[in-house]
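Here the structure comes first, spelled out in structure tokens, and everything after it is commentary.
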Number of protein chains: 2
Amino acid sequence: MTLIVAVDDLTASDAMRLTTSLCGVARGFKIGLPYILRNGADSASLLRKECPQALWVADLKLADIGYVMKLVASAIINDVDAVIAHGFVGLRGALDELKEYLDENGKKLVVVATMSHPGAREVYDKVFPDIIGLLKRLQPWGVVVPATRPETIAVARSELPGSTILSPGVGAQGARPGTALCRGADYEIVGRLITRAPDPLATARRVVAEQEEMLRKCKGLK
Amino acid sequence: MTLIVAVDDLTASDAMRLTTSLCGVARGFKIGLPYILRNGADSASLLRKECPQALWVADLKLADIGYVMKLVASAIINDVDAVIAHGFVGLRGALDELKEYLDENGKKLVVVATMSHPGAREVYDKVFPDIIGLLKRLQPWGVVVPATRPETIAVARSELPGSTILSPGVGAQGARPGTALCRGADYEIVGRLITRAPDPLATARRVVAEQEEMLRKCKGLK
């Protein structure tokens, strides 16, 4: 399964319905900070009960010193499998401490390598090689590279062979399902395209079918 | 008044006691994401009632696309005066949208220009000139530059004459009270040195006295 569904701007009851319905179709669910702030730190625990076998990712976009990132993560760590932090905070006194803490608690660290919006080109992209370098040393379980940047996914795939690549930006932000997978991503993260669809389950199944079709084509197996 | 007190790892009852006691001594209070996650999005509103005349800053360390930063900010915006975001995410599709949203709601944007931990030198510092450049265009109300980096404060002060500079890192992270003020900061943010003191009010008063003493010396007015 190659689909992760992002739950950002849903109410708790809509999110509950959605995750129950998509359990088994989506490999996992990404819960954003907006959702957690609006519904409380234990809201992830309630959702997770609807589909305990899925991969639950807290998209906290942590970007602070290690001490603070650990404090934030501790508020939700028991209810998720993985936590997302930013690569730009660097290793020493930041990501190294967070990874150690997550390792100790049997949780996965996922690190943003770059982003997809136009502003990412103003700053983030200029240090992309530095971030790839620190990710090689850190060896986090996962890395976030946007589906809208296929050439960047290919670089991350070749530089970080041991990492799981998660690619947001499919759907509302413009990338077609399967594009990121074809360049080496392991999962595509889809939000509004599915969560705002009249029939989210049917849409999720269509996205998965498109991913498979695209993968067959790009791998030359059609 | 030049002191802002950081409330990160306190319980709600301790934070309430602290802010009541320091009201009038501290110019404002910075509430971190750990506090908000543990105590709920409305916890800022409860604290604020203890000292409504203070400057209340939500240290969300926002670092996402504009759409998501606005969603997160909306959960707390009515209970604070200012919100902290990272300069790293750039302007277009990120800080420009957040600033517009905060302006519309009569709230202040504070942007992190760099950080104080060793990892900041690995990545953040390499793009410091780019971040100063985008801050000149964005013109946020406030900018965060660590007190442990006095030379960087001086650069920010001279490049961003219209911005209020807030400097964390005084106390537990090593900078002495007044150091940042002497280089051009407007406020020093102090956390554990005060919040973990046996007598926070006496410690806060001592910090303010040290700031004044240091300012007299560095301005040659002793």
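The values are calculated or read from the model by the stated rules, or taken from the named source; none is laboratory data. Just so we're clear, the structure is a prediction, and the values are computed from it rather than from any experiment. Here Cβ is always computed from backbone atoms with ideal geometry, including for glycine, and neighbour counts include all displayed protein chains. Areas reflect the complete protein model, heavy atoms only, side chains present, ligands, DNA and RNA absent. Shrake-Rupley method; radii C 1.70, N 1.55, O 1.52, S 1.80 Å.
How big is the dipole moment of the stretch A:71-222 about its Cα centre under a simple scheme where the beta carbon of each Lys and Arg is +1, that of each Asp and Glu is -1, and everything else is neutral? Debye, nearest 20, please.
620
What average number of partner chain Cβ atoms lie no more than 10 Å from the Cβ of the residues making up A:68-75? Write out the running numbers ahead of the final one.
Details: counts 10, 3, 1, 8, 9, 2, 3, 7.
The mean count of partner-chain Cβ atoms within 10 Å per residue comes to 5.
Near the amide H of B:Val143, under 5 Å away, which other amide H atoms are found, from residues 5 or more places off or on another chain, if H is placed in the peptide plane?
B:Val111, B:Thr164, B:Ile165, B:Leu166
Given the rule -39500 (n - 2.57) for each run of at least 4 DSSP H residues, summed and divided by the residues of chain A, what is its mean residue ellipticity at 222 nm, to the nearest 500 deg cm²/dmol?
-12000 deg cm²/dmol
From Cα pairs below 8 angstrom and at least 6 apart in sequence, can you work out the relative contact order of chain A, rounded to a whole percent?
Details: 414 pairs, mean separation 39.5, N = 222.
Result for chain A is 18 percent.
Roughly how crowded by other chains is peptide A:36-43, in terms of the mean Cβ count from those chains within 10 Å of each of its Cβ atoms?
Working: counts 4, 12, 5, 2, 3, 5, 0, 0.
Counting other chains' Cβ atoms within 10 Å and averaging over A:36-43 gives 4.
Calculate the mean, over all residues of peptide B:77-88, of how many other protein chain Cβ atoms lie within 10 angstrom of the residue's Cβ.
Numbers: counts 0, 0, 0, 0, 0, 0, 0, 0, 1, 7, 2, 12.
Mean number of neighbouring Cβ atoms from other chains: 2.
Within the stretch B:67-102, find all residues whose amide N lies under 17 Å from a label point positioned 7 Å from the Cα of B:Asp130 along Cα-to-beta-carbon.
B:86-96
Can you give the extra length, in nm with one decimal, that the chain gains between A:Glu104 and A:Cys23 once fully stretched, where that is 0.36 nm per residue apart less the Cα-Cα distance?
26.3 nm
Using alpha-carbon positions, what is the distance between the centroids of the stretch B:23-76 and the stretch A:1-77, in Å?
Each part reduced to its Cα centre gives a spacing of 22 Å.
Please find the FRET efficiency linking A:Arg206 to B:Gln139, where r is the Cβ-Cβ separation and R0 is fixed at 41 Å, and quote it to the nearest 0.05.
Efficiency computed from Cβ-Cβ geometry: 0.35.
Need one value: the accessible area of A:Cys218 in square angstrom, 1.4 angstrom probe, rounded to the nearest 10.
The accessible area of A:Cys218 comes to roughly 60 Å².
Which distances in nm, rounded to one decimal and ordered from shortest, link the label point of B:Ser74 to the equivalent label points in the other identical copies, with labels set 7 Å from Cα toward Cβ?
Inter-copy label distances (nm, one decimal, shortest first): 3.2.
Sort shortest first the distances from B:Ala202 to its counterpart in every other copy, using label points 7 Å along the Cα-to-beta-carbon line, and give them in nm.
Label point to label point, same position, other copies: 7.2 nm.
Expressed as cubic angstrom per residue, what is the convex hull volume of the alpha carbon set of the stretch A:74-221?
129
Take B:Arg92 and B:Asn78, extend 7 Å from each Cα along the Cα→Cβ direction, and tell me the distance between the two endpoints in nm.
The answer from the label model is 3.6 nm.
Spelling out what I want: for every residue of the stretch A:165-179, take phi, set θ = phi - 60°, compute 6.51 cos²θ - 1.76 cosθ + 1.60 (Karplus), and round to whole Hz; glycine and proline get x.
Using θ = phi - 60°, the values come out as 9, 10, 10, x, x, 8, x, 4, 8, x, 7, 7, x, x, 4 Hz.
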